[in-house]
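Enquirer: Shown below is the structure under consideration.
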Amino acid sequence: MLDNSDDPKDDEKPQQTTSNKSTANNDDNADPNWHKPIIPDKPKSELRQDPYNMPKGFEWCEVDVTDPDQRTEVYDLLYQNYVEDDECMFRFDYSRDFLTWALTPPGYLPQFHLGVRSSKSNRLMAFITGVPAKVRVHDITKDMVEVNFLCVHKKLRSKRLAPVLIKEITRRVNHTGVYQAVYTAGVVLPGHVASCRYYHRTLDAKKLVEINFTRLPPRTTMARFQKQYKLPAEPALGGLRPMTPEDVPAAHKLVVEYLSKFKLSVVFSEEEFAHWLLPREGVVSSFVNVKKNGEGEETEITDFCSYYHLHSSVLGNEKHNTLHAAYSFYNVARTVGVTELMRDCLILAKNEGHDVFNALNLMENERFLEDLKFGMGDGNLQYYVYNWSCPTIEHGDVGIVLL
Ligand code: MYA
């Protein structure tokens, strides 16, 4: 049904979206042949002016995610068709509030919430999004978009609709003067810039066994397995509390300074930081650790931790429908040990009803994974920077978390 006849000419498309022969060494980092676009920026007049053609029976649409009905259409498409694990046991279930949060950061553009509808039924059949972000790769900071939520309805798979979606969003982004994008995928595509791995910390041992997320080790009883993952009832750090709008300037400074040490990182403005990190119920949780003086007054924000809430549907299980997962977001342990901070983060996540706490081995996460009994997941998450040539980056040098 869908074909490639509308593909751009070969010289119009980046053949390899990132270029990265080897892990960086100091010579590579200084080499002027790196650190540049693969395809040079084009003036607006030389860009394709019209949208790529849709196959007969389908049309482009801009999805207004601030409209509850349209947001529900996106929710339903993703709920039924988005990312599953290799064994098809779990499928991401991004909540409606999560989608609003993920797609409306400061400066977001509605034309980057790109959908494909069936002309006949008007039903939403495919989707892709971009949201603006400043991203630093090695020493160069650029305006980019974060691309996410690429989804084609199961009935339309393998008809090369995905490449058309990617080209059309690229065209739309290019028209705003932006030529780079950052994205992640479980699949290995040409030109990854970094490769990270998920680790999982069991919070509700019994449920994770019941849904086959994890297995009861041989010769271990359920009671013993549960005991192994038991956490204290309350956090240990006396100064840890949810972040408030008043904390934003100091917490922003703390996090932005911390992120400057990584080779691939997001560069938040204060406004962006407030959007991405202020707590939203059922979406994102953020905590500051504060120093107090003799009178018990708060004097300084010293540490920070956060996670986002992303459920998965449990497919074909009689007892459970939903896996409640917390995903480690941005954490800064300046005056306390990172293990101490993240142990409290696990307790807070458990007390909010999460079954598992997931973390990638990026930033300094490897420092707490073993001590806090995280287990290695299967498969990697690849990081890509579209249309950018640079040496590859070790997972511990990645300082950006995409949703
Ligand atoms: S990652 C999440 C991706 N979504 C899912 O996994 C949801 C479930 N799966 C689906 O909905 C479909 O299977 C998808 C493919 C839509 C993934 N990224 O249409 P097709 C290539 C990039 O016949 P379908 C996320 O959202 C594949 O290699 N390309 O296949 C970040 C092949 O190309 P080639 C991918 O299965 C997205 C071609 O598609 C991906 O019906 C970042 C086949 O097309 C993937 N995850 O649909 C997108 N998976 O033949 C790139 C497959 O060449 C953004 N393919 O090997 C680039 C930057 C754009 C902006 C730039 C601005 C400057």
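The values are calculated or read from the model by the stated rules, or taken from the named source; none is laboratory data. As the structure is a prediction and not an experimental result, all values here were calculated from the model. Note that we place each Cβ from the backbone using ideal geometry, even for glycine, and neighbour counts take in every protein chain shown. Only protein heavy atoms, including side chains, enter the accessible area calculation; ligands, DNA and RNA are left aside. Shrake-Rupley method; radii C 1.70, N 1.55, O 1.52, S 1.80 Å.
Enquirer: Select from the range 179-229 the residues that are of a type in the set (Gly, Ala, Ser) and surrounded by 12 or more Cβ atoms within 10 Å (Cβ to Cβ) and write down the one among them that is farthest from Glu168 (Cα to Cα).
Expert: Ala205
Enquirer: Within the range 273-297, work out how many residues are open to solvent by 30 Å² or more (accessible area, probe 1.4 Å), in contact with a helix residue (DSSP H, G or I) (Cβ under 9 Å, 6 or more places away or on another chain) and not small (Gly, Ala, Ser).
Expert: 3
Enquirer: Same structure, new question: Considering every residue within the range 125-145, establish whether at least one is open to solvent by less than 10 Å² (accessible area, probe 1.4 Å), part of a strand (DSSP E or B) and more than 29 Å from Glu271 (Cβ to Cβ).
Expert: The answer is yes, given that some residue of the range 125-145 is open to solvent by less than 10 Å² (accessible area, probe 1.4 Å), part of a strand (DSSP E or B) and more than 29 Å from Glu271 (Cβ to Cβ).
Enquirer: While we're here: Can you name every one of the strands (runs of 3 or more DSSP E) wholly within the range 166-269 that holds 3 or more residues which are in contact (Cβ under 8 Å) with a residue 60 or more places away in the chain?
Expert: Answer list for the range 166-269: 181-185, 194-202, 264-266.
Enquirer: Give me the strands (runs of 3 or more DSSP E) completely within the range 52-119, filtered to those with at least 2 residues that are charged (D, E, K, R) and open to solvent by 20 Å² or more (accessible area, probe 1.4 Å), ordered by residue number.
Expert: Of the strands (runs of 3 or more DSSP E) lying wholly inside the range 52-119, those with at least 2 residues that are charged (D, E, K, R) and open to solvent by 20 Å² or more (accessible area, probe 1.4 Å) span 58-62.
Enquirer: Take Gly316 and decide whether it is open to solvent by 20 Å² or more (accessible area, probe 1.4 Å), touching a strand residue (DSSP E or B) at 6+ places or on another chain (Cβ under 9 Å) and on the phi > 0 side of the Ramachandran plot.
Expert: no
Enquirer: Still on this structure, I have one more. Given Asn387, Asn380, which one is in contact with a Cys (Cβ under 9 Å, 6 or more places away or on another chain) and within 16 Å of the ligand (Cβ to nearest atom)?
Expert: Asn380
Enquirer: Which ones in the range 99-155 are within 12 Å of the ligand (Cβ to nearest atom) and of a type in the set (Asp, Glu)?
Expert: Selection gives Asp143, Glu146.
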